[in-house]
Amino acid sequence: MNRRDFLATTTTASLALALSGCNQSNRQAIDYSKHPQKKDNVIKAVNINKNKKTVIKLATSWPAHYPIIGTNVEKFALRVNQISGGSLDIKLYPKNTLVPALAVFDACSSGQIDAFHSGPYYWKGKNSAFSLYSGIPFGLTAEEINSWMLYGGGMELWREDYAKYNLHPFVGGNTNIQMGGWYREPIKSLADMQGLKMRIPGLGGEVFAKMGVNPILLPAGEIYTSLERGVIDATEWVGPALDIMMGFYKVAPYYYSGWHEPGSILELTFNKHSFDKLALEHQSIIEVASSELNSNMTHEFHHENIKALQKLNELNVTLLQFPKDVTKEAKRALSEVIKEQSSKSDDFARVYASVEKHLNLSKEWSDTSLRYFLNER
Ligand code: CA
């Protein structure tokens, strides 16, 4: 038998195998209306009036065309327009064009805008539990936090909490695993962390503070100069793809792998009244396009990080891992932060309990599968 005959025979055999058991009674289209999903968003009527354009004002916390994050929101708006046949038009307002970057939550809650794209950790001052919707140090990876959100009860908790502010969130992307930051001098032991002035926000910042670091908040535009002049000793940002554009490697060449943001979620949040008023088809279009936004952004971060890491290697950046005593102390500090926040806020305790349950189960599976594989690869 020559190769072509062999292929033809095996293809026919495979097809025969795949079709075996196929009789008249199961030659039917799948009745997907019986799919075991929640039925709360089943379309009962065609509501789109193609002659009438619905406009959504969406403000972001990012500059116009901000790589990966901002550009994926732009792709989302384009997709919504395409899929809706132009009947749903999302007008994008980059940071500070309609409302200040960190005023988007309040502006959307009050109805000044219909939607925003930002990060849940920015609103921890309103409710400390909100930072947990972004992720936690030593917590869930991008894949794990998506599974918590979609199937582990995360989304229900998030929507319940945001409904109190007249808001309706969707997962709006993920930065994927972040790096531990840029340091002017190498960290040789925990002692080197004492008094270190570092730009690091969120729960990560609280953990670093308990380890003796002095966390400093700075606007994005001031980080490089502060690092260059020694006003700060270190900064974290995101990962190679975005960090390389900030130029931190020129003034703080020691670049550490991280554990403080293992898979931070970004949000695409709507004013609940505005969203509820939309035609059901438009609501479904947003749901589908936001899911695409989430996966596209996660995968683009991975892809761009691969390329940027190669460039950083060419620039002779020193890639390092934190010493063991630093990581051990960070875990101790994290448990202290969680304990304190849980005692101060019932919401934090309730959401953290859900995260912790998912994390414990997930660790067992991820260690059994992915950790084994990555160690062996
Ligand atoms: Ca970060």
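Could you give the length gained by full extension between VAL55 and HIS273, i.e. 0.36 nm per residue of separation minus their alpha carbon distance, to one decimal place?
This chain segment gains 77.1 nm when fully extended.
Give me the Debye-computed log₁₀ of I(q)/I(0) at q = 0.06, 0.13, 0.14 Å⁻¹ for the chain, equal point scatterers on Cα only, no solvent, two decimals.
Log-scaled intensity ratios, in q order: -0.29, -1.12, -1.25.
Under a plain spin-label model, where a point goes 7 Å from the Cα along Cα-to-Cβ, how far apart in nm are GLU356 and LYS250?
4.6
Just going by the charge dipole of the stretch 100-183, with Lys and Arg at +1 and Asp and Glu at -1 on Cβ, which of VAL104, LEU157, HIS168 is farthest out on the positive end?
VAL104
Report the Cα centroid-to-centroid distance between the stretch 194-241 and the stretch 315-377 in angstrom, as an integer.
Cα centroid to Cα centroid, the span is 20 Å.
What is the extension gain from GLU376 to GLN310, computed as 0.36 nm multiplied by their sequence separation minus the C-alpha to C-alpha distance, in nm to one decimal?
Length gained between GLU376 and GLN310: 21.5 nm.
How much length, in nm to one decimal, is gained on full extension between ARG332 and MET211, taken as 0.36 nm per residue of separation minus their Cα-Cα distance?
The span from ARG332 to MET211 would gain 42.6 nm if fully extended.
Any chance you could give the angle, 0 to 90 degrees and rounded to 10, that helix 154-163 forms with the longest Cα principal axis of the chain?
It works out to around 80 degrees.
What's the magnitude of the charge dipole for the stretch 109-249 around its Cα centre, counting Lys and Arg as +1 and Asp and Glu as -1 at the beta-carbon? Answer in Debye, nearest 20.
The dipole of the stretch 109-249 has a size of about 320 debye.
Restricting to bridges with both residues inside the chain, how much of the DSSP beta-bridge set is antiparallel, in percent to the nearest 5?
Roughly 45 percent of the beta bridges in the chain run antiparallel, per DSSP.
Coordinate-derived values only; no laboratory data. Given the structure is predicted, the values throughout are model-derived calculations rather than measurements. Note that each Cβ is placed from the backbone with ideal geometry, even for glycine, and that neighbours are counted across all protein chains shown.
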